[in-house]
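Beneath this line is the structure, given in structure tokens, with notes to follow.
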Amino acid sequence: MDNRKYTAYCGLYCRDCIPSNQRLFELIEALLRESEDAGLAHYATYKANKIAFLNEFPVAERFLQEVLKLRCSGSGLEGPESELGCMKDCAIRRCVAARDLEGCWQCSLRSTCEPYSSRGLHSTARTALMGAMK
Ligand code: SF4
């Protein structure tokens with residue numbers, strides 16, 4: 001059931017996506033905490049006149065804080081109700097619903113479908129995955 005929950009209508013698997021990588025976000029949070037505890041910002045300011053790249057510390061810190069905002073614990077199936085997961089206006093989602101399918105992997109038009117192919121979903125691995133889900 002978990003695999004189905006995290007498989008979007010087009011066949012993309014949420015857990016393969018960067019925003020779903022919980023370990024990555026935990027490590028970034030730990031790094032920011034450690035940096036704060038160690039006073040790295042003060043050190044960078046103090047040493048920047050001798051070590052030029054330390055002037056970039058605020059940029060690096062902000063980058064990590066912004067990446068944390070990408071974190072997603074939802075799933076493609078929750079998207080329409082929760083604001084998480086897939087786009088609400090996804091053409092593929094609408095098409096799958098209109099055809100009363102669970103996903104594109106059940107669709108006989110998949111090999112010639114433009115919306116489906118424009119998402120770059122015709123890779124060998126994706127096709128193999130979808131074949132296995134039938
Ligand atoms: S027509 Fe295309 S987008 Fe619609 S269900 Fe079939 S493969 Fe998916």
**Prompt:** Across the Cα atoms of the range 1-100, what radius of gyration and what greatest pairwise Cα-Cα distance (Dmax) are found, in Å?
**Reply:** 19.5, 65
**Prompt:** For the range 18-68, what D do you get in µm² per second when you plug the Kirkwood radius from alpha-carbon pairs into Stokes-Einstein at 10 °C and 1.306 mPa s?
**Reply:** 135
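Would you work out the charge dipole size for the range 18-68 about its Cα centre, treating the Cβ of every Lys and Arg as +1 and the Cβ of every Asp and Glu as -1, and quote it to the nearest 20 debye?
200
Laboratory data are not the source of any read-out in this text; all were calculated from the coordinates shown. Note that the structure is a prediction, hence the values are computed from the model and not measured. All Cβ positions, glycine included, derive from the backbone under ideal geometry; neighbour counts span all protein chains shown.
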